[in-house]
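What follows is calculated from the coordinates using simple rules that are stated; it is not laboratory data. Model, not experiment: these values are computed from the prediction. In this analysis, Cβ positions are derived from the backbone assuming ideal geometry, glycine residues included, and neighbour counts consider all displayed protein chains.
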Amino acid sequence: MGFLITNEMSVGMHGIRTAGDLVMRMQLKGMRLKEAKEYVAKKLGTDVFTLSDEYAMKEIREELGIGTINAVPGQPKGLKAKAKIAELLDIKIPSVDLLR
């Protein structure tokens with residue numbers, strides 16, 4: 001049930017359109033929702049309120065190179081974006097580790 005609940009919360013935050021995917025990753029690492037949002041906001045250099053703002057998060061995601069809903073020329077996507085997410089959040093992502 002853990003994945004289903006965190007996935008639902010992530011979708012509720014619009015997934016990659018905002019920061020839902022990042023918050024979900026931290027929940028899967030054992031953090032509670034509030035704690036995960038605060039952690040992600042701190043790592044992104046923003047506040048918790050901004051995590052659900054699609055326009056602001058698009059700019060932040062492009063600036064940090066952690067992927068956006070639509071591919072942007074010159075911006076990382078796929079595993080390269082995942083690698084940046086792993087580095088930014090200080091976590092291990094198995095698919096990224098396999099390629100290193």
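For a Förster distance of 25 Å, can you work out the FRET efficiency between the beta-carbons of Val72 and Thr46, rounded to the nearest 0.05?
According to the calculation, E is roughly 0.80.
To the nearest 20 debye, what is the magnitude of the charge dipole of the chain about its Cα centre, counting +1 on the Cβ of each Lys and Arg and -1 on the Cβ of each Asp and Glu?
The dipole magnitude comes to about 320 debye.
Subtract the Cα-Cα distance of Arg100 and Leu88 from 0.36 nm times their separation in residues, and report this length gain in nm to one decimal.
2.7 nm
Go ahead and estimate [θ] at 222 nm for the chain from helices alone: -39,500 (n - 2.57) per DSSP H run with n ≥ 4, summed, over the residue count, rounded to 500.
-17500 deg cm²/dmol
Taking every Cα atom in the chain, find the radius of gyration and the maximum pairwise distance Dmax, and write them in Å.
Here Rg and the maximum Cα pair distance are 12.7, 38 Å.
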